[in-house]
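Structure first, commentary second.
The values are calculated or read from the model by the stated rules, or taken from the named source; none is laboratory data. Please read these numbers as outputs of a predicted model, since none were measured by experiment. Cβ: placed from backbone, ideal geometry, glycine included. Neighbour counts: every protein chain shown. Only protein heavy atoms, including side chains, enter the accessible area calculation; ligands, DNA and RNA are left aside. Shrake-Rupley method; radii C 1.70, N 1.55, O 1.52, S 1.80 Å.
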Amino acid sequence: MEPKEAARAIYSFAVTPIFFLHKVELVGSPIPVELTPITSMFLHADVWHLASNLLFFWIFGKTIEDATGHVRFILFYFLCGIISIMPYILLNPTSQNPIIGASGAISAILGAYLRLFPHSRIVVIYLRGLYPALGRVPAEWVLIFWYGLQLIYGIFTNAQQETVAWEVHLSGFAAGMLFVPLFYRSPK
C-alpha cells in the first residue's frame, strides 16, 4: 500500500476529533464518521502497539470475560472503548490527528479487573539486583501503578508532540471500573 493510500485508510477508519465533532465525511470513505470510534479500535500504529494491547488483553481479558459472559463482554469492551475516546475528543475538539488503537477498551478491562479482582495475584517480572526474577503481587499494586504511570505521562508530556492519547487510557480505565458491575454475572 502506498503512503497516500495508507494515510487515507487511517483517516477513513480512525477517530479524528474535528471530523467526528463536525460530522465531516471523508470523500470516498467506506464508512460514516459516526462509526470511527469502533473501527479505530481495529487499527494500531505499529507491531509494538498491537503487541502491548494483546498482552494486556491476554493477561486480564479472559478473567473479565468469564465474569461477564461472552456476549456481555463484547458489549462491555466496545461500550468502554467508545466511551474512552470521548474525553480526548472533547479536550481536543480541533485536533486533526487521527486516533487509533484499542488501548481505551484494553484500559477498561484493566479497570474492571481492579474493581472485581483487586486481591488476585499476578505474576510479574522485576529486578532482583541486576537480575530479572518472577514474583506474584496483588493485582491492585500492578494496576494502580499502571494507572499512575498513565497519569504522570499524561500530565508531563507535551500534548503537541505526543503520539499517545493518555486521556484515552485514563478514561478507559475509569469506564471499566464504573461500568463492569452492569455487565457482571454473579457466580451461581
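Apart from one condition, Tyr77 fits all of (1) open to solvent by less than 80 Å² (accessible area, probe 1.4 Å); (2) in a helix (DSSP H, G or I); (3) under 18 Å from Trp166 (Cβ atoms); (4) not small (Gly, Ala, Ser); the exception is (3). Pairs are defined by a Cβ separation below 9 Å, a sequence spacing of at least 6 or placement on different chains, a first member in segment 41-67 that is under 16 Å from Val180 (Cβ atoms), and a second member that is open to solvent by 40 Å² or more (accessible area, probe 1.4 Å) and hydroxyl-bearing (Ser, Thr, Tyr); the pairs so defined are Ala67/Tyr184. Scanning segment 45-74 for residues that are exposed (fewer than 15 other Cβ atoms within 10 Å of the Cβ), of a type in the set (D, E, K, R) and assigned to a helix (DSSP H, G or I) gives Lys62, Asp66. Of the helices (runs of 4 or more DSSP H) lying entirely inside segment 86-188, those containing at least 3 residues that are surrounded by 20 or more Cβ atoms within 10 Å (Cβ to Cβ) and under 12 Å from the mean Cα position of the chain (by Cα) are 103-116, 166-183.
So that you can scan it fast, the table gives a plain yes or no per residue for (1) free of Cβ contacts under 8 Å to residues at least 24 places away in the same chain; (2) closer than 30 Å to Arg8 by Cα:
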residue: Asn97; (1), (2): no, yes
residue: Leu114; (1), (2): no, no
residue: Tyr131; (1), (2): yes, no
residue: Leu149; (1), (2): yes, no
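Got a sec? Which of Glu5, Glu25, Glu34 is among the acidic types (Asp, Glu) and either under 20 Å from Ile83 (Cβ atoms) or buried (at least 18 other Cβ atoms within 10 Å of the Cβ) (or both)? So that I can check it myself, show each step before the final result.
On the way: Glu5 fails: either under 20 Å from Ile83 (Cβ atoms) or buried (at least 18 other Cβ atoms within 10 Å of the Cβ) (or both); Glu25 fails: either under 20 Å from Ile83 (Cβ atoms) or buried (at least 18 other Cβ atoms within 10 Å of the Cβ) (or both).
Selected residue: Glu34, the only one of Glu5, Glu25, Glu34 that is among the acidic types (Asp, Glu) and either under 20 Å from Ile83 (Cβ atoms) or buried (at least 18 other Cβ atoms within 10 Å of the Cβ) (or both).
Considering the conditions (1) open to solvent by less than 70 Å² (accessible area, probe 1.4 Å); (2) closer than 24 Å to Tyr77 by Cα; (3) modelled with pLDDT of 90 or more, Ile18 is excluded by exactly one of them, (2).
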